[in-house]
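What follows is a short report on a single structure.
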């Protein structure tokens, strides 16, 4: 059970980020949380900016897969393990910058090994080429998205998860609630989704780029 003082603190902190959040989320989830669709939209916009700045292929098909996985990866690891008591916090191991570098390096190495092993396979080759950058951008955008709320709120002690294991990860009341229950509760009241403007922006950018790719001047795409 969450004590009344903790409940009030969580409610005030979360309300400072978005007072329209459902009461269940404002009480049980970490302050200024970013939710799955918000992370996905944020990662996509990051990847578009990366492609534009480096003149790399725009994310169209293959790059979207590792980008989407990377954008959810920290929560897919930390939150279920925290709920089952394996980890002390829903933002700890996979939200650490040190572990991020390690995992991104392993994914990059694995993609290169797989590409050498199956160089003639059409979809494997395309996926291996785009995976290192797409996964890493999705992963890093997740950490940035989680950090923006505490930074705006001045809750710098809530960012210690970035330094795990050198720093102790913050604990959240929501870790005692199954993460799928929290997500279902949020999307059950979709009109209160805190990241609607971000999601709509990403959708508009995606549609615009697809229209441009079809009718505009030719530019390489990732297939």
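Quick note: the coordinates plus some simple rules give every number you see, no bench work behind them. Keep in mind it's a predicted model, so treat the numbers as computed, not measured. Reconstructed Cβ throughout: ideal geometry from the backbone, glycine too, with neighbour counts over all protein chains shown.
Would you work out if segment 36-215 is rounded, prolate or oblate? Take a ≥ b ≥ c from the square roots of the eigenvalues of the alpha-carbon gyration tensor; rounded if a/c is under 1.5, else prolate when a/b is larger than b/c, oblate otherwise.
The shape class here is oblate.
What percent does the relative contact order of segment 36-215 come to when contacts are Cα pairs within less than 8 Å and at least six residues apart?
This gives 31 percent for segment 36-215.
At 7 Å along Cα-to-Cβ for each site, give me the label-to-label distance between residue 117 and residue 56 in nm.
For the pair residue 117/residue 56, the computed spacing is 2.3 nm.
Taking 0.36 nm per intervening residue step and subtracting the Cα-Cα distance, what contour gain separates residue 178 from residue 72 on full extension?
In short, 36.5 nm is gained.
Grab the beta carbon distance between residue 155 and residue 106, set R0 = 35 Å, and tell me the FRET efficiency rounded to 0.05.
0.65
Within segment 152-173, what residues put their amide N at less than 13 Å from the label point 7 Å along the Cα-to-Cβ vector of residue 185?
Under 13 Å, as judged by backbone N against the label point of residue 185, lie 173 of segment 152-173.
Calculate, for residue 166 and residue 45, the FRET efficiency according to 1/(1 + (r/R0)^6) with r their C-beta to C-beta distance and R0 41 Å; round to the nearest 0.05.
0.85
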